[in-house]
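Below is one structure, written out as structure tokens, with a few remarks after it.
Values quoted throughout were computed directly from the atomic coordinates according to the rules given, and no laboratory measurement underlies them. This is a predicted model, so every value here is computed, not measured. We place every Cβ from the backbone using ideal geometry, glycine too, and count neighbours over all the protein chains shown.
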Amino acid sequence: MHRNKRPREEDAPTRSDKYYISGGDVVVRAENTVFRFHSYHLELSTTFFNDHFSDGSGALKGSDEAHPLHLVVGASDIAALLWFFYQSAYSWCWDAAIWQSILRTAETYSMSQIARVACHALDRLHALSDPYKVALSVDHGMGKFWAAPELQRLIQPATPLLSIMEVPMNSTTLMRIMRSREYLIHSHTKELIELAKKTVPCEWSSATNNDALPPSPPRCFMKGHPSGDVFFQVSALYRSNSDPSIHYCPAPRQGLTVYAQVEDRVIQTHTYHFARASATFADMFSLTLENGPLANGATADDAIELDHVKVGDFENLLYFFYYSAHEWLPTIVDPTTIKMWESTLHLADLFDMQEVKDVALYALGRPGALTDVHKISVCMLYDDIPRTWAETAFSRVCTRTKSLEEHEIEQLPLSAVSAIIHAREELLRDELRKAAGAMGMVCLSGSALGSQVHSRLIRVLTDPDRETEDCERAFLHVLES
């Protein structure tokens, strides 16, 4: 009766408002939403889709909306994954639900590195229970120390068994945890029996004489306490946290691309990332495409020449666009990345990519990333960096005991050196004034010593250049030291 009924209009797929990218080369459908983006990100993240782009009839899945690549996850999950690909390098997301969605998709399609980044993010947001964190650590090879405190709590017999069972984990992990708990209970029983025969002081009991205080953590001074051994037996489950084989992939084969001549190399890249980061490139590409193909850069023979740009700097910028989302920005600064971020900052400033510049400044501004003098030199190099970015570094250089070293002076522009010298001398003069005040209280003004000290302080404080003999004496002192 209803065999010829037309499908309801709301059942027809609709394009994603945010992630239907005109320069994309793959079309994906999740639920009733169609997405279009660069397949390069899938190739970088997983091998899952290597054999999924053909439907057996010769037509390529994902080539257009008539032949989309169907995914089994929700539309919101794909939107979260595309946020990770295209936006996460620029800004952090504090929504645990977004990272749970990314993790779910990464697990579904074997995106191991993305899953690890999502695990770190959820941990940073304090969104993981002890059993869940231990299960994730084992499943995604986070390293045996990532969930060490949680694992130690789980194998303690005092931890409720139901709290462990509520989180799905593989049978091997669950077996090890259960066996460790039983081993601890058995060991504690044996210890109590032995303690009943000895007078060795033990603080295994967590009781306290003061009910207002929380109970002390259980600890025992007896030798052979099993907790550490059991912990390492269970933690042996963890795979080593080896980095995936992420490297610079071959030039993109599909999608809207542009060729650039950088020194003696021709590099092919997507137009999207440059248009996303720079209004200048966005205007250039949009005006050109409205009138047909790219006027320049459409082929390797007609590559856009990027004068005054070094290959290493350009590769670091491409790293930011394509790979930085896959790397977890740790709280401990990796000194090997400093040059990369300085390089990225340089090109971001040259190409007017403000958001990229902000990320580079954040990376370089973390405690321990740069020495104080180096940070001041970076701040002075770019006119639009707020001076507050290096304010603390400037203050420390001015108030430290040591004056500027020769290699530090070489890093700084003359104006910065002059400002630091002036500030340091003003601080020293201020200390001298305080010393003069204190000296006036202990020296008799009528004595020969008091008059000599008083006159010398007056000369020092009122003459910025000091007397000639004072300068010569100070200079000789520096040469001899």
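Among D349, D301, the ranking by other beta carbons within 10 Å of each residue's beta carbon, starting with the fewest, stands as D301, D349.
Label-to-label distance for H407 and V311 is 2.9 nm, based on points extended 7 Å past Cα in the beta-carbon direction. Any of K402/K434; K18/K357; K133/K339; K310/K375 with alpha carbons more than 31 Å apart? Name them for me. Going by Cα-Cα distance, K133/K339 fall outside the 31 Å limit.
Using the Cα centre of the stretch 364-418 as the reference point, and only Cβ charges (+1 on K/R, -1 on D/E), how large is the resulting charge dipole? Debye, rounded to the nearest 20. Numbers along the way, then the final one.
Numbers: 6 positive and 8 negative charges, 56 e Å.
So the dipole magnitude of the stretch 364-418 works out to roughly 280 debye.
In plain terms, the chain from L414 to V266 could stretch by 49.4 nm, reckoned as 0.36 nm per residue minus the Cα-Cα distance. 3J(HN,Hα) along the stretch 17-24, derived from phi through the Karplus expression 6.51 cos²θ - 1.76 cosθ + 1.60 where θ = phi - 60°, amounts to 5, 9, 10, 10, 8, 4, x, x Hz, with x in place of Gly and Pro. Run the paramagnetic zone check for R424: 7 angstrom along Cα to Cβ, then residues of the stretch 379-404 with backbone nitrogen under 11 Å. From the stretch 379-404, the list is 397-404. With K and R counted +1 and D and E -1, the other residues having a Cβ less than 11 Å from that of E65 yield a net charge of +2.
With 10 angstrom as the radius, rank R29, R265 by how many other C-beta atoms surround their C-beta, starting from the fewest.
Numbers: R29 19, R265 11.
Exposure proxy ranking, most exposed first: R265, R29.
Straightening the chain between F48 and R366 buys 110.8 nm, computed as 0.36 nm per residue apart minus the Cα-Cα spacing. Report the FRET efficiency, 1/(1 + (r/R0)^6), for S129 and T388, where r is their Cβ-Cβ distance and R0 is 41 Å, rounded to 0.05. Efficiency for this residue pair is about 0.55. Annotation: amide H-H contacts under 5 Å for V34 (H modelled 1.01 Å from N, sequence separation of 5 or more, or interchain): T14, R15, S16.
Scanning residues 5 or more positions from L69 or on other chains, those with amide H under 5 Å from its amide H are V27, V28, R29, G62, with H placed 1.01 Å from N in the peptide plane.
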